[in-house]
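Engineer: This structure is in structure tokens; I'll ask about it shortly.
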Amino acid sequence: MKIDILSLFPNMFDGVFTESIIKRAIEKGIVDIKIHNFRDYSKDIHSSVDDTPFGGGAGMVLMCQPIFDCIKSLKTDDSIVIMLTPDGEIYNQKKAIELSKKKHLIFLCGHYEGFDERIRSICDMFISIGDYVLTGGELASMVLVDSITRLLEGAITKESLDSESFSNNLLDYPTYTKPREYAGMEVPEVLLSGDHKKIDEWRKLQQIEKTRKLRPDLLEDKDAK
Ligand code: 6GU
């Protein structure tokens, strides 16, 4: 998969893509991530990317030209252009799975200000990562890249994906490692039994009970996946 990220603050991405699973996925050639500063596409002599809003009001508005030109230079027939914006559709695991099947994603990050409304005309999707306000779309795009990359073939083992939270609309079951007893707390007996049928049943039951207790909304929302 190819991912292009348009941002005015490319340095914000340092570290996130150079550690752990994403780092390995890049090294293995599973995902190719490039950050583009759309300021580089400004045709203005001062390299401006924003201006004051028509009609007045506070703040600045990201203008069409640099973003249109940057996206035009990257877009192919296989591309999905996604604007990260607090007024977008709320992101979830179902969306992550859907996006992990695409060939090329282009993420557009805003910062402080809004976008000129006409920029929406060249975007295919509008995504928010939750009902709170971030200073920009950068952190949101990192959340998307992380959650999508780990789903790509070869990034992590298939077993890790099968039982994890939100697959089948259920939260993950509890896990334990050595020692058997720590600070007076024991590992559930069934996990030490060696009876894998019983262990599977116990884990499934734990998933259902945990979800009912912590996230009953997931059991009702068959679409959430
Ligand atoms: Cl995608 N952008 C901003 N600025 N704030 C957000 C968001 C995105 N998602 C949640 N809050």
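The values are calculated or read from the model by the stated rules, or taken from the named source; none is laboratory data. The structure displayed is predicted, hence computed values, not measured ones. Don't worry about glycine lacking a Cβ; one is built from the backbone with ideal geometry, like all the others, and counts go over all protein chains shown.
Engineer: Would you point out the residue of region 137-155, among those that are of a type in the set (G, A, S) and crowded, with 18+ Cβ neighbours inside 10 Å, that is farthest from the ligand (Cβ to nearest atom)?
Structural biologist: Among those that are of a type in the set (G, A, S) and crowded, with 18+ Cβ neighbours inside 10 Å, it is A155.
Engineer: Hey, V133 hits all of (1) within 14 Å of the ligand (Cβ to nearest atom); (2) modelled with pLDDT under 95; (3) over 22 Å from the mean Cα position of the chain (by Cα); (4) among the aliphatic types (A, V, I, L, M) but one; which does it fall short on?
Structural biologist: The one condition V133 does not meet is (3).
Engineer: How many residues does region 110-130 hold that are among the small types (G, A, S) and away from the ligand (no atom under 15 Å from the Cβ)?
Structural biologist: Adding up the residues that qualify gives 1.
Engineer: Would you tally the residues in region 136-166 being small (G, A, S) and more than 16 Å from the chain's Cα centre (by Cα)?
Structural biologist: Residues meeting the conditions: 3.
Engineer: Across region 94-109, what is the number of residues that are in a helix (DSSP H, G or I) and within 16 Å of the ligand (Cβ to nearest atom)?
Structural biologist: Residues that pass the stated criteria total 3.
Engineer: List, please: which pairs have Cβ atoms under 6 Å, are six or more places apart or on different chains, and start with a residue in region 85-101 that is touching a residue at least 24 places away in the same chain (Cβ under 8 Å) and end with one that is part of a strand (DSSP E or B)?
Structural biologist: From residues that are touching a residue at least 24 places away in the same chain (Cβ under 8 Å), the pairs are T85/F126; P86/S128; G88/F126; G88/I127; G88/S128; E89/I127; I90/S128; Y91/I127.
Engineer: Checking the conditions here, which among F115, F107 is surrounded by 17 or more Cβ atoms within 10 Å (Cβ to Cβ), modelled with pLDDT of 95 or more and touching a helix residue (DSSP H, G or I) at 6+ places or on another chain (Cβ under 6 Å)?
Structural biologist: F107
Engineer: Next question, about the same structure. Run down L205, L214, L192, L218 and say which single residue is at pLDDT below 95, more than 30 Å from D50 (Cβ to Cβ) and not assigned by TED's automatic domain parsing to the domain that holds K23.
Structural biologist: Criteria check complete, one pass: L218.
Engineer: Which of the following residues is surrounded by fewer than 17 Cβ atoms within 10 Å (Cβ to Cβ) and either over 26 Å from S167 (Cα atoms) or at pLDDT 95 or above (or both): G57, G88?
Structural biologist: G57
Engineer: Kindly indicate whether E186 is surrounded by fewer than 18 Cβ atoms within 10 Å (Cβ to Cβ) and modelled with pLDDT of 95 or more.
Structural biologist: So E186 passes the test.
Engineer: Mind checking which residues of region 22-37 are touching a residue at least 40 places away in the same chain (Cβ under 8 Å) and surrounded by 14 or more Cβ atoms within 10 Å (Cβ to Cβ)?
Structural biologist: I22, R24, A25, I30, V31, I33
Engineer: I26 is checked against (1) part of a loop (DSSP other than H, G, I, E, B); (2) in contact with a strand residue (DSSP E or B) (Cβ under 8 Å, 6 or more places away or on another chain); (3) over 21 Å from Y112 (Cα atoms); (4) modelled with pLDDT of 95 or more and fails just one. What number does that condition carry?
Structural biologist: (1)
Engineer: Evaluate region 71-85: report whether one residue or more is buried (at least 18 other Cβ atoms within 10 Å of the Cβ), closer than 24 Å to D32 by Cβ and away from the ligand (no atom under 15 Å from the Cβ).
Structural biologist: Scanning region 71-85, I find at least one residue that is buried (at least 18 other Cβ atoms within 10 Å of the Cβ), closer than 24 Å to D32 by Cβ and away from the ligand (no atom under 15 Å from the Cβ), so the answer is yes.
Engineer: For region 156-182, what are the residues that are within 22 Å of R24 (Cα to Cα) and surrounded by fewer than 10 Cβ atoms within 10 Å (Cβ to Cβ)?
Structural biologist: T157, K158, E159, D162
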